[in-house]
Amino acid sequence: MRQRLKRRVVGGLCSGSASQGGPRGEPGTAGVYTMAVRLAARRLWAAHAAAGSGPPVSCRRWSGASADTVYDVVVSGGGLVGAAMACALGYDTHFCDKKILLLEAGPKKVLEKLPETYSNRVSSISPGSATLLSSFGAWAHICNMRYRAFRRMQVWDACSEALIMFDKDNLDDMGYIVENDIIMHALTKQLEAVSDRVTVLYKSKAVGYTWPCPFPMADSSPWVHITLGDGSTFQTKLLIGADGHNSGVRQAAGIQNVSWNYDQSAVVATLHLSEATENNVAWQRFLPSGPIALLPLSDTLSSLVWSTSHTRATELVRMDEEKFVDAINSAFVSINLYIKGAQQMWSDAHHTDFIDTAGSVLQYAVAFLKPAKVSARQLPPSVARVDIKSRVLFPLGLGHAAEYVRPRLALIGDAAHRVHPLAGQGVNMGFGDISSLVHHLSTAAFNGKDLGSMSHLTSYETDRQRHNTALLVATDLLKRLFSTSTTPLVLLRTWGLQATNAVAPLKEQIMAFASK
């Protein structure tokens, strides 16, 4: 029975204004659902591990110095998610007597003053993520620097008249667009304030891990042993992997990562608008080649995220500024925008009469059966120019770790999951991991339990895999559904968008899920 159960080793808010494992290439849609099977198998292993079987990875006797420093928690990876994890633990009242170490391979980033130009790397921060950042003081720094709230989101299809408008009756903030450098600066300031609890080692990368043996021996250690590139060593009761989608921690633990690359790259840039506007709407249009999004930064600036084919992305980055700006404006309202009377009308460059007629029939039927206030469709702002050298591209893909935890190990952020940017949930998923893991670790610390025990790590995994898997599957299906101009699929998504837009409770549920 033991052999059958054993797994194989498979590798206070402001108001305002390339992965290891998995097949190469992009598999069929059915591949996404294999993750559910893996998660079910994971539950069997978790029960077995809780019974004392230990991690299903190789271990060896530790030959290092017995006087190595022992930390309660080591966070490997000092990006947005890793730094936020260290901050959250450092400010937790039940961790006041714990030793925490943050390892960051790069140098310390210092933002001496707020630059006049905006960074091209921004994140959409949900209200839930803002609450997390506020819990340890980082959000106050962000509010004192700069950010942009958006109170409405308009999503529409280039192949039909279908549209969905997300907003709130009281016009509360739906989210915030913040430059990554500013978030990082806020986290660094807060880490400096708890330097007595949290040690940060910059330019330090782990090159080796020794896992504790499942059956303790006289000359073995119960902790995880870590070796850095400079040869220094130390031990930890809990290792948290926050080292990105090519996670060395995940690979060293032998945790399988279900992953594939999409046939798309994302082009990001900082854009100057033709005229100043209130600019509190996030825009996203689904083109047959991929979604294009315009995110507000200020009254006159917006951030571009354009997901398209690798070839087209390369062309967009290399073309001259005037052609690039024309391409953006065309992608949002098309070159065939025309004037009827005194109003600008939407282009039907990608439309067919059949799709438009079928969409109109459903729209009229819904309006007849369920009369309701419908948000007026708006035109996105026109783009005038692009910041010099702000155009870059990066490849897109999906990834999901079959396991988030092992004894004395937890994965968070991109080390555990990688998602398409169309939902704007990448960093929010990581911050959600932090909220959940800190909650379980804080409870364990309060009760005097071993931080590396599977008893509470498994609770974290169950909590987050339930949320993250649903979001990954939904995002992957949306990417595939909208990356085609095939008539039956266009009709399906047209009706789906119209029906969703007409059912207010459903839209509220979607917004509530995304705001966590």
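The values are calculated or read from the model by the stated rules, or taken from the named source; none is laboratory data. What you see is a predicted model; the values in this text were computed from it and never measured. Reconstructed Cβ throughout: ideal geometry from the backbone, glycine too, with neighbour counts over all protein chains shown. All accessible areas refer to the heavy atoms of the entire protein, side chains included, with ligands and DNA or RNA removed. Shrake-Rupley method; radii C 1.70, N 1.55, O 1.52, S 1.80 Å.
If you scan the stretch 146-174, which residues turn out to be open to solvent by 50 Å² or more (accessible area, probe 1.4 Å) and in contact with a helix residue (DSSP H, G or I) (Cβ under 7 Å, 6 or more places away or on another chain)?
Within the stretch 146-174, 161 is the sole residue that qualifies.
List the residue pairs whose Cβ atoms are under 6 Å apart, where the first residue sits in the stretch 467-478 and is under 19 Å from residue 286 (Cβ atoms), the second is open to solvent by 20 Å² or more (accessible area, probe 1.4 Å) and of a type in the set (A, V, I, L, M), and the two are 6 or more positions apart or on different chains.
472/419; 475/419; 475/423
Please specify each residue of the stretch 135-145 satisfying the condition of being touching a helix residue (DSSP H, G or I) at 6+ places or on another chain (Cβ under 8 Å), open to solvent by 30 Å² or more (accessible area, probe 1.4 Å) and not aliphatic (A, V, I, L, M).
Passing the criteria: 135, 141.
For the stretch 259-277, state whether one or more residues are open to solvent by 20 Å² or more (accessible area, probe 1.4 Å), within 20 Å of residue 156 (Cα to Cα), polar (S, T, N, Q) and modelled with pLDDT under 95.
No, the stretch 259-277 contains no residue that is open to solvent by 20 Å² or more (accessible area, probe 1.4 Å), within 20 Å of residue 156 (Cα to Cα), polar (S, T, N, Q) and modelled with pLDDT under 95.
Could you check the stretch 376-395 and list, in sequence order, the residues that are assigned to a strand (DSSP E or B) and either open to solvent by 60 Å² or more (accessible area, probe 1.4 Å) or within 13 Å of residue 267 (Cβ to Cβ) (or both)?
If we filter the stretch 376-395 for residues that are assigned to a strand (DSSP E or B), which is where we start, we get 383-386, 392-395.
Residues satisfying the conditions are 385, 386, 392, 393, 394, 395.
Counting just the residues of the stretch 420-445 that are of a type in the set (A, V, I, L, M, F, W, C) and at pLDDT below 95, which one comes out least open to solvent (accessible area, probe 1.4 Å)?
Ranking the qualifying residues of the stretch 420-445, first place goes to 422.
Please specify each residue of the stretch 396-419 satisfying the condition of being open to solvent by 20 Å² or more (accessible area, probe 1.4 Å) and farther than 23 Å from residue 480 by Cβ. Before the answer, list the steps.
Residues of the stretch 396-419 that are open to solvent by 20 Å² or more (accessible area, probe 1.4 Å), as a first pass: 407-408, 414, 418-419.
The answer is 407, 408.
Look at residue 303 and say whether it is open to solvent by less than 10 Å² (accessible area, probe 1.4 Å) and in contact with a helix residue (DSSP H, G or I) (Cβ under 8 Å, 6 or more places away or on another chain). Before you say what the answer is, go through the steps one by one.
On the way: open to solvent by less than 10 Å² (accessible area, probe 1.4 Å): yes; in contact with a helix residue (DSSP H, G or I) (Cβ under 8 Å, 6 or more places away or on another chain): no.
Spelling it out, it is not the case that residue 303 is open to solvent by less than 10 Å² (accessible area, probe 1.4 Å) and in contact with a helix residue (DSSP H, G or I) (Cβ under 8 Å, 6 or more places away or on another chain).
Kindly list, by first and then second residue, each pair from a residue in the stretch 197-225 that is under 17 Å from residue 451 (Cα atoms) and modelled with pLDDT under 90 to a residue that is crowded, with 17+ Cβ neighbours inside 10 Å and among the aromatic types (Phe, Trp, Tyr), limited to pairs with Cβ atoms under 6 Å and residues at least 6 apart or on different chains.
Going by the 6 Å Cβ cut-off, the qualifying pairs are 221/62.
Identify all residues within the stretch 164-208 that are among the charged types (D, E, K, R) and touching a strand residue (DSSP E or B) at 6+ places or on another chain (Cβ under 8 Å); write none if there are none.
Result: 167, 173, 179, 197, 203, 205.
Within the stretch 260-313, take every residue that is in a loop (DSSP other than H, G, I, E, B) and within 24 Å of residue 486 (Cβ to Cβ) and give me the one that is farthest from the chain's Cα centre (by Cα).
The qualifying residue farthest from the chain's Cα centre (by Cα) is 288.
Could you grab me the full set of residues in the stretch 241-258 that are closer than 18 Å to residue 200 by Cβ and in contact with a Ser or Thr (Cβ under 7 Å, 6 or more places away or on another chain)?
Listed by number, the residues that qualify are 241, 242, 243, 249.
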